[in-house]
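Everything below concerns the one structure shown next.
The values are calculated or read from the model by the stated rules, or taken from the named source; none is laboratory data. No experiment lies behind these values; they were computed from the predicted model shown. The accessibility values were calculated without ligands, DNA or RNA, using every heavy atom of the protein model including side chains. Shrake-Rupley method; radii C 1.70, N 1.55, O 1.52, S 1.80 Å.
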Amino acid sequence: MKNREFTFTMIKPTAIRFGKLVPILDEINHAGFAVIAMKMTRLSKAQAEKFYAIHKERPFFEELVSFMSSGPVLAAVLQKENAVQEFRKLIGNTNPQSAEEGTIRKKFAISIQENAIHGSDSDQNALIETNFFFNQFEIFSNNESFL
Ligand code: GDP
């Protein structure tokens, strides 16, 4: 497995509020992802705006930023072969009504906005999003610097 095959994930505030943190981590573990880094933190509105800047023209942007800064999130870097694509498959469609059976969003999402979990959509964004949350001392794999 290539060392650089990793993705970034974030478990969203309502999933944590409703006790779904451990069940979601269990799904991730069973799907064969290794945890490279992990932290629970809370985004300020400014940080949530920056993280979702690509959506700033969308009608739901303000609501999304308020939601994402409404409580703690669990941010993590996950390693697996073909990590970005495999993880997108595991979480399922953005809208839980369209998400495939067995996916994390099908099981745990409340709505298209409060859809339980984020997963990077490309290798480039996985790196950008990892660097948004973690510094170089927090990302290790087999005791070697990962990124
Ligand atoms: P993702 O890559 O599957 O997370 O989807 P996007 O990048 O398109 O959207 C980012 C996040 O914005 C989603 O995960 C949702 O939390 C939220 N979102 C996307 N589309 C909508 C929408 O139509 N309405 C609302 N309220 N939120 C949305």
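At q = 0.17 Å⁻¹, what is the base-10 log of I(q)/I(0) for the chain according to the Debye formula with one equal point scatterer per Cα and no solvent? Please give it to two decimals. For the requested q values the scattering log ratios are -0.95. What the phi angles of the stretch 93-100 give under the Karplus curve with 6.51, -1.76 and 1.60, with θ = phi - 60°, is a coupling list of 4, 3, 8, x, 5, 9, 6, 5 Hz, glycine and proline written as x.
Taking all Cα pairs closer than 8 Å and separated by 6 or more residues, the relative contact order of the stretch 26-147 comes to 24 percent. For a quick check: with amide H placed at 1.01 Å from N, whose amide H comes under 5 Å from I36's, ignoring anything fewer than 5 positions away on the same chain? For I36, the qualifying residues are V77, L78, Q79. For the stretch 1-72, the Cα gyration tensor yields ellipsoid semi-axes of 25, 17, 10 Å (square root of five times each eigenvalue, largest first, whole Å). Using a Gaussian network model of the chain whose springs link C-alpha atoms within less than 10 Å, name the residue from Q85, Q113, Q124 with the highest mean-square fluctuation. Among Q85, Q113, Q124, the largest mean-square fluctuation in the Gaussian network model of the chain belongs to Q124. The order of V77, V22 by accessible area, most exposed first and with a 1.4 Å probe, is V22, V77. Distant-in-sequence amide contacts of I117, defined by a placed amide H-H separation under 5 Å and a gap of 5 or more residues or a different chain, comprise K12.
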